[in-house]
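Here is the structure we will look at, set down as structure tokens.
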Amino acid sequence: MTRRPGVLSAVALGISCLSCSDQGPKGACPTASSVEATVTVGSSVVFNWEPNCAVALLLVEQNGSDEWAIADPTLSNTSTEAVNKILPPVTYGQVPSGVDEDPPSSALVPGQSYTLVLWKLVPAGSTVQCQQNIDNACLLAVKAFQR
């Protein structure tokens, strides 16, 4: 499977992190520059992270190709931190309310390695340094796991 331009071009075209903050009562993380991601593998795969910051984009990749991506449907290169709607925990293949998936989830193969990637949008002019920046996108976590 290859990267789909829909969700990823929003990140690649216009998103930069100098801080990782969220303005809502849930998921408020005004100074978080990263989160500690965990992956629980059982009959399903569950993603969790601390602190419970809302994120704009959750990706599951294998060898650099997207296996599953969920994001706010309005995510674009002009989006603001209001698109940070994805709160933990998230179960692989189950799309939380208010977000879309592109690409849809594909079966995760037992014994194969995958990577969870979490991105958050931040306000312009923020000062917290993130793991990686693309315009106003802040890379919060990259977590390898095996199905």
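A short reminder: the numbers here are calculations on the coordinates, not readings from a lab. Since the structure is predicted, the reported quantities are computational estimates derived from the model, not experimental observations. Counting neighbours? That spans all protein chains shown, and the Cβs are built from the backbone with ideal geometry, glycine included.
Ordering of 107-114, 85-92 by packing is 85-92, 107-114, highest average first (other Cβ atoms within 10 Å, averaged per residue). In plain terms, the chain from Q132 to E36 could stretch by 33.0 nm, reckoned as 0.36 nm per residue minus the Cα-Cα distance.
Ranked by the mean number of other Cβ atoms within 10 Å of their residues, highest first, the peptides 134-141, 99-106 come out as 134-141, 99-106. Compared with the direct C-alpha span, the chain from S65 to S43 gains 5.6 nm at full extension, assuming 0.36 nm per residue.
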